[in-house]
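This report refers to the structure that appears directly beneath it.
Just so you know, all these numbers are worked out from the coordinates, no wet-lab data involved. Only a predicted model underlies this, so the values are computations on that prediction, with no experimental measurement involved. Every residue, glycine among them, receives a Cβ derived from its backbone with ideal geometry; neighbour counts consider all protein chains shown.
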Amino acid sequence: MSTQQREGHNRRTVNLALSILDADFARLGEQIAQAEGAGIDRIHIDVMDGHFVPNISMGTSVVRSLRPVTRLPLVAHLMISNPDLFIEDFVRAGTDSFLIHWEGNVNLHRTVDRVKTLGKRAGVAINPATSAAVLDEILPEIDHVLVMTVDPGFGHQRFLHTTLPKIRRVRRMIDEIKPDCDLGLDGGINTETAAVGVDAGANILVVGSAVLQDSEGVVAAMNKLRTSLGMPNKHASLQP
Ligand code: DX5
Ligand code: ZN
C-alpha cells in the first residue's frame, strides 16, 4: 500500500512502519487496525533489554499476540545485548524481519546468516555515532539498513539532522553495492522531518509518537504524515 515518492526526485516507493513503543497497550490491536487502514505498511517492534539501551520494552509475547491481528510484516528491532539467543524464539512468535545492531555484535555476520537461514529478512541498524563505513562488508548480505536518527532507547525524541550526510552516504552505497536493499530511518520522524529523510535517500520511515500520540488520533495523524510526503490519504479523518 505504499506510494511513489513525490515529484522531482528519484521515484522511490516509500514505506511507513509503525513503531509501537509508545502505543497505548490497552488498545494496541485497535491502534494497529486504525494505522493499517490509514496506510501503514509494517509494524516495528522495539525490543529493549535495559542493557544495550537504558530502557526495557517488549519481547516475543507481543509479537505472538500481534500475529493473528494483522497481516502486515512484523519487524523486530533488536536493541539487546545478545540477539543470537533470541532469534529462533522471535521467528516462532511470527516475526518476518529483523533489525540487528552493528554495535556490540562481534558476530554480526553469523547473526545475519542465522536470520536468513531461517528464511527471514535481515537488516543492520547503526547508531548516530557509527560511521556508514561499518556497512562495507555486510551490505551485500542484507535486505535493509536502519539508520538511527535518534539515540536508541526512547520514543518522542528530536530527529538528529546531523545524521543527514550519513543517510546520503548510505543511499549512495546501497545504489552502488545492493540496489534492492531498503534504507530506513528510525527516530523523530514527523510531518517536518519525514520529507527531509526521504530527500536524503530513505525509502522506509519508522514513525511512533507522531502517529500514536497525536491528540487528533491515529487516522488524522497518518493523513497529516502522508500529506507531508505528497502521498494520497488512505482514510477520511475520523475521530476514534
Ligand atoms: C527508539 C526506537 C524507535 C522509536 C521511534 O530507540 O528504536 O523505533 O520508538 O519513536 P518516535 O517516532 O516517537 O521517535
Ligand atoms: Zn526502532
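Over all pairs of different C-alpha atoms in the chain, the reciprocal of the mean inverse distance, the Kirkwood hydrodynamic radius, equals 17.7 Å.
Could you please report the charge total around residue 142, scoring K, R as +1 and D, E as -1 over all other residues with beta-carbon less than 14 angstrom from its beta-carbon? If you can, show how the numbers build up before the last one.
On the way: positive: 110, 114, 116, 120, 121, 178; negative: 113, 136, 137, 141, 143, 180, 182.
After counting each charged neighbour, the total is -1.
Calculate, for residue 25 and residue 162, the FRET efficiency according to 1/(1 + (r/R0)^6) with r their C-beta to C-beta distance and R0 35 Å; round to the nearest 0.05. Don't skip to the end; give the middle numbers.
Values: r = 32 Å, r/R0 = 0.93.
E(calc), rounded to 0.05, equals 0.60.
Which lysines have a Cα less than 23 Å from the Cα of residue 234, not counting those fewer than 8 places away in the same chain? Qualifying lysines at Cα under 23 Å: 224. For the chain, set up a GNM with springs between Cα atoms under 10 Å and report which of 184, 104, 217 has the largest fluctuation. Largest GNM mean-square fluctuation: 104.
Give, in nm to one decimal, the length gained when the segment between residue 151 and residue 107 is fully stretched (0.36 nm per residue of separation minus the Cα-Cα distance). Don't skip to the end; give the middle numbers.
Details: separation 44, 0.36 × 44 = 15.84 nm, distance 2.23 nm.
Gain in length upon complete extension: 13.6 nm.
With only Cα atoms counted, the stretch 23-100 has Rg and Dmax values of 12.5, 36 Å.
Straight-distance candidates among the lysines for linking to residue 166, with alpha-carbon spacing under 26 Å and chain neighbours fewer than 8 residues away dropped: 178. Could you give P(r) for the stretch 143-240, binned at 10 Å from zero, as whole percent values over all Cα-Cα pairs? P(r) over the stretch 143-240, rounded to whole percents: 17, 44, 30, 9, 1.
Largest GNM mean-square fluctuation among 155, 123, 50, using the chain with Cα springs under 10 Å: 50.
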